[in-house]
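Undergrad: Dumping the structure here so I can ask a few things about it.
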Amino acid sequence: MTFPSPLSPAKSQMIGNNPQDQAFAEAVAEGMYKLDNAARGLGIEITEIRPNFARATMTVRDDMVNSHGICHGGMIFTLADTAFAYACNTANKSTVAMSCSISFIAPGKRSELLTAIAEERARQGRNGIFDITVTGEDGRTVAIFQGNSREIRGESVPGFDARR
């Protein structure tokens, strides 16, 4: 399965969130993933979702390795940006990146599973700030990414109706 279901109770963590909000966030993430050709094409999987939180993983493939024999920084950025996108769209309000930055701390290695965890830090009106940490299999920090989000018109999953 390309979308390892965060819907399964074993993987889904509530951590004080309203169960209805949790179910809604999961349904939105699943709908987004169906439309997300980039994430699916890169093998990025959303392994956990909660309101304003996402965990995404990606295995570094040979076609993601640069001339130094390490994961290309653009691939690490894309993993972090994907986690950011899922975290800031859990309410099904179309939200995009207004700006973001990344600091690379350690290289991602060939065949390594990288994990990006995105968490909302602040929200004011339609603007949000999210911190994303990318780690390697051994727990070392690979990159730190910060994204500023902006709610725009529309829905993250057009036509999605939570009552269905």
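No value in this document is a laboratory result; all are computed from the given coordinates. Being a predicted model, the structure only gives us computed values, none of them experimental. Every residue, glycine among them, receives a Cβ derived from its backbone with ideal geometry; neighbour counts consider all protein chains shown.
Undergrad: Please indicate, with yes or no, whether at least one residue in region 38-57 is small (Gly, Ala, Ser) and closer than 15 Å to Lys93 by Cα.
TA: no
Undergrad: Okay, moving on. Here is a check on your reading of the model: is Ala97 buried (at least 16 other Cβ atoms within 10 Å of the Cβ), of a type in the set (Gly, Ala, Ser) and closer than 23 Å to Asp36 by Cβ?
TA: Taking the combined requirement at face value, the residue does not satisfy it.
Undergrad: Residue pairs, Cβ under 6 Å, 6 or more apart or interchain, first in region 82-98 and over 15 Å from Gly154 (Cα atoms), second among the aliphatic types (A, V, I, L, M) and part of a helix (DSSP H, G or I). List them.
TA: As it stands, the answer is Thr82/Ala39; Tyr86/Ala29, since those pairs meet every condition given.
Undergrad: Within region 105-125, count every residue that is of a type in the set (Gly, Ala, Ser) and part of a loop (DSSP other than H, G, I, E, B).
TA: 4
Undergrad: Sticking with this one: So which of Glu119, Glu112, Glu26 is more than 18 Å from Thr141 (Cβ to Cβ) and acidic (Asp, Glu)?
TA: The unique qualifying residue is Glu26.
Undergrad: From the list Asn66, Asn37, Asn52, pick out the single residue that is out of contact with any Cys (no Cβ under 6 Å at 6 or more places or on another chain), among the polar types (S, T, N, Q) and within 17 Å of Pro158 (Cα to Cα).
TA: Asn37
Undergrad: Please state which of the following conditions Ala87 fails to meet, knowing it meets all the rest: (1) over 18 Å from His72 (Cβ atoms); (2) surrounded by 15 or more Cβ atoms within 10 Å (Cβ to Cβ); (3) over 13 Å from the mean Cα position of the chain (by Cα).
TA: Here Ala87 clears every test but (3).
Yes/no per residue for (1) outside any strand (DSSP E or B); (2) in contact with a His (Cβ under 7 Å, 6 or more places away or on another chain); (3) buried (at least 22 other Cβ atoms within 10 Å of the Cβ):
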position: Ala23; (1), (2), (3): yes, no, no
position: Ala29; (1), (2), (3): yes, no, yes
position: Lys34; (1), (2), (3): yes, no, no
position: Arg40; (1), (2), (3): yes, no, no
position: Glu48; (1), (2), (3): no, no, no
position: Ala54; (1), (2), (3): no, no, yes
position: Met58; (1), (2), (3): no, no, yes
position: Asp63; (1), (2), (3): yes, no, no
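Undergrad: If you go through region 126-160, how many residues are in contact (Cβ under 8 Å) with a residue 24 or more places away in the chain and part of a loop (DSSP other than H, G, I, E, B)?
TA: Total meeting the criteria: 11.
Undergrad: For region 65-74, how many residues are in a strand (DSSP E or B) and within 19 Å of the chain's Cα centre (by Cα)?
TA: Of the residues in that region, 1 qualify.
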